[in-house]
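No value in this document is a laboratory result; all are computed from the given coordinates. Just so it is clear, the structure is predicted and the values come from calculations on it, not from any experiment. All Cβ positions, glycine included, derive from the backbone under ideal geometry; neighbour counts span all protein chains shown.
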Amino acid sequence: MAKNTGGEIVEIALFGDLTEHEGEIAEKLLDVEPGGECTLYIDSPGGSPYCAISLMSLILLRRLRATGIVTGECSSAALWPFAACTRRIVTRYSVLLFHPMKWQSEENVGLAEAAEWARHFADLETDMDELLAEMFGVAPEVINEWISPGRYVTGTEFAQAGLAEMVRLQPVAQADGSAGKDRSLRPRKHSTV
């Protein structure tokens, strides 16, 4: 795939399970020139924590100026790439699920390996929770209050916490301009709608 060098903003869909689509998402992020702009449209229940860190790392290490827009759900592992965005946008219908990290293994593993995995996973969870708070620019306690019960945070709550901009959804004007009224998607400061 050719790199975007035309100065246009690349649009990338982060839809569905990130783990299943990590390769294609990573490829699209790599198509954005280092330091370039892109827009990430997010509707994802999450995926692997390693996938989350990988996508976040690509955004940060390549200094991408990413705008993240939660078009539906941004849950679990999808929170990390969203946190890496320099501009974050939600609607009142957006939902973000924060929860303790979960892991499972469908492989037959021995007790020693399972114990090591559990130790590693506990460390990884603590480190990732701290990183998530740092990326959102809030105290770890704010994130922990949402993680501990496994809480769904609405777009309105998220914007009111100062972590994203709120936009109001309105129908888009018809191509021929016959709509007669302003029907644009307008960014706005958070408010209760």
| request: Mind checking the full-extension length gain between residue 15 and residue 168? Use 0.36 nm per residue of separation minus the Cα-Cα distance, one decimal, nm. | output: 53.0 nm
| note | Going residue by residue through segment 92-99, the Karplus relation 6.51 cos²θ - 1.76 cosθ + 1.60 with θ = phi - 60° gives ³J(HN,Hα) values, rounded to whole Hz and with x marking Gly or Pro, of 5, 8, 5, 9, 10, 9, 9, 8
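Mind giving me the FRET efficiency for residue 26 and residue 142? R0 is 22 Å, r the Cβ-Cβ distance, nearest 0.05 is fine. Walk me through the numbers on the way to the answer.
Values: r = 29 Å, r/R0 = 1.34.
According to the calculation, E is roughly 0.15.
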